[in-house]
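The values are calculated or read from the model by the stated rules, or taken from the named source; none is laboratory data. These numbers come from a predicted model, not from an experiment. Here the Cβ is made from the backbone with ideal geometry for all residues, glycine too, and neighbour counts use every protein chain on show. Surface areas here come from the heavy atoms of the whole protein model, side chains and all, with no ligands, DNA or RNA. Shrake-Rupley method; radii C 1.70, N 1.55, O 1.52, S 1.80 Å.
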Amino acid sequence: AQHPADSLFKAPDTSPLQKIFLYPIAKWQQFSYNETTLNCQFAPSCSNYGAQAIQNHGVAKGLFMTSDRIIRCNNNAYNYQLKMEGRYHRDGRLIDPIQLRPTGESSKSPILAAGLSIVIPGLGRAYGGRPMDGFYGFLLSALSISATYKSIKRESIFLPIYASMSAIIYGGEIYGAYRTTKYYHN
């Protein structure tokens, strides 16, 4: 296969449900790998991260992990990487593997962070020391929930799509708050 997600899509142990979610990632890679302006600041790239998360952790957790990564892929990622003395790929990208090990003892509770993001998306990330990630998580959650609410009022046929996206983003925000507090600290 030409692109990493293609390999996962065609792997014999990939379930049909996983293939449904890997297909758009594979198509994105076919487009983005040919565009020099679409470089990801992370290693593995966000699309590879998402494909690996879906393949290794199943669809539900993989989608939450992917949503979390997309929220973290912002202009503040480099500064957060410096704060936690993160590692860098030889080409300068920020190394952010799917499997992490705690870097030390955190003074903050991952469970409390997840609970805060259940109440107000983004609050758990702010509590965990990443306020801008929390802001982006809140914004993305608010936009998706707003789109879902409007589709309910309009009785739109796209309601299942909007509701699914809202659930994935909301779940990713809760997962991201937990992960931020557990793994990303000084």
Inside segment 5-33, the number of residues satisfying the requirement of being open to solvent by 60 Å² or more (accessible area, probe 1.4 Å), over 13 Å from residue 58 (Cβ atoms) and in a loop (DSSP other than H, G, I, E, B) is 2
One residue from 166, 151, 156 being farther than 13 Å from residue 71 by Cα, out of contact with any helix residue (DSSP H, G or I) (no Cβ under 6 Å at 6 or more places or on another chain), surrounded by 14 or more Cβ atoms within 10 Å (Cβ to Cβ) and modelled with pLDDT of 95 or more: 156
Of the numbered conditions (1) open to solvent by 30 Å² or more (accessible area, probe 1.4 Å); (2) of a type outside the set (A, V, I, L, M, F, W, C); (3) in contact (Cβ under 8 Å) with a residue 24 or more places away in the chain, residue 62 satisfies every one except a single condition; which is it? (1)
Might you check whether a residue that is open to solvent by 30 Å² or more (accessible area, probe 1.4 Å), part of a helix (DSSP H, G or I) and without any contact (Cβ under 8 Å) to a residue 24 or more places away in the chain occurs anywhere in segment 34-43? no
In segment 88-121, how many are at negative phi and loosely packed, with under 12 Cβ neighbours inside 10 Å? 9
Single condition residue 71 does not satisfy, out of (1) in a helix (DSSP H, G or I); (2) without any contact (Cβ under 8 Å) to a residue 40 or more places away in the chain; (3) open to solvent by less than 60 Å² (accessible area, probe 1.4 Å): (2)
For a quick check of your reading of the model, give me the residue pairs whose first member lies in segment 159-186 and is closer than 9 Å to residue 148 by Cβ, whose second is of a type outside the set (S, T, N, Q) and at pLDDT 95 or above, with beta-carbon atoms closer than 7 Å and at least 6 apart or on different chains. 159/152; 162/147; 166/145
If you check 137, 115, 128, 124, which single one turns out to be free of Cβ contacts under 8 Å to residues at least 60 places away in the same chain, touching a Lys or Arg at 6+ places or on another chain (Cβ under 8 Å) and closer than 26 Å to residue 165 by Cα? 128
Would you check if residue 135 is within 15 Å of the chain's Cα centre (by Cα), over 17 Å from residue 66 (Cα atoms) and modelled with pLDDT of 95 or more? yes
